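In what follows, a single structure is set out as structure tokens and then discussed.
Taken together, the values in this text are just the output of simple stated rules run on the coordinates, not laboratory data. Because the structure is a prediction, the values reported are computed rather than measured. Using ideal geometry, Cβ is built from the backbone for each residue, glycine included, and neighbour counts are taken over all protein chains shown.
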Amino acid sequence: RRGGREKAALAVIMAAKGYPGSYAKGTVINGIASAEEGGRAKVFHAGTATRDGTGEVLANGGRVLAVTSSGASVKEAQAKAYEAVDRITWDGGFCRRDIGWRALQREGEKR
């Protein structure tokens, strides 16, 4: 709950392609600031590093980012999280597109 208004939160994990098996490290991730713009999401770093001298964000693990949003419902939080995910450019990464489906069912909403 943020500020007493929003009641649902949802996090989408962005992982390195190949995870949980072997995966490449050092792939460049762009768009994190855009994903967070306007408070739409908060991007938590789990497996990242920065390139010396450039400040570029690089993947440095398997489960790399947690893109987290909140909303008045799970459906709203999910939509905001995936909108933020879509602003991140990372050729070496992927995410599942079904996060929250059970919670959506509990809310009485269809995927």
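What Kirkwood hydrodynamic radius do you get for the chain when you take the inverse of the mean 1/r over all pairs of distinct Cα atoms, in Å? About 14.5 Å, per the Kirkwood formula over Cα pairs. Between the C-alpha center of the stretch 8-25 and that of the stretch 61-111 there is a gap of 12 Å. Just to be sure I understand: with springs between alpha-carbon atoms less than 10 Å apart, which residue in G93, G31, G18 has the highest mean-square fluctuation in the Gaussian network model of the chain? Among G93, G31, G18, the largest mean-square fluctuation in the Gaussian network model of the chain belongs to G18.
Shape of the stretch 1-62 from its Cα gyration tensor (a ≥ b ≥ c, root eigenvalues): rounded if a/c is under 1.5, otherwise prolate when a/b > b/c, or oblate?
Numbers: a/c = 3.28, a/b = 1.62, b/c = 2.03.
Because a/c hits 1.5 or more and a/b fails to exceed b/c, the stretch 1-62 counts as oblate.
Mean-square fluctuations from a GNM of the chain, with a 10 angstrom spring cutoff on Cα atoms, peak among G55, G100, G71 at G55.
Could you tally up the Lys pairs in the chain with alpha carbons closer than 25 Å? Skip any pair fewer than 8 positions apart unless they're on separate chains. Lysine pair count for the chain: 12.
Run through the stretch 1-106 and list the trypsin sites (Lys or Arg not before Pro) located in a DSSP loop whose Cβ has at most 12 other Cβ atoms within 10 Å.
Details: sites: R1, R2, R5, K7, K17, K25, R40, K42, R51, R63, K75, K80, R87, R96, R97, R102, R106; in loops: R1, R5, K7, K17, K25, R40, R51, R87, R96, R97.
Qualifying residues, ordered by number: R1, R5, R51, R96, R97.
Less than 15 Å Cβ to Cβ from N30, Lys/Arg counted +1 and Asp/Glu -1: what total charge do the surrounding residues give? Charge balance near N30 sits at -3. Computed from Cα atoms, the angle from the helix 74-85 axis to the main principal axis of the chain rounds to 20 degrees.
Here the Gaussian network model covers the chain, with springs between Cα atoms less than 10 Å apart; of T68, T54, T89, T54 fluctuates the most.
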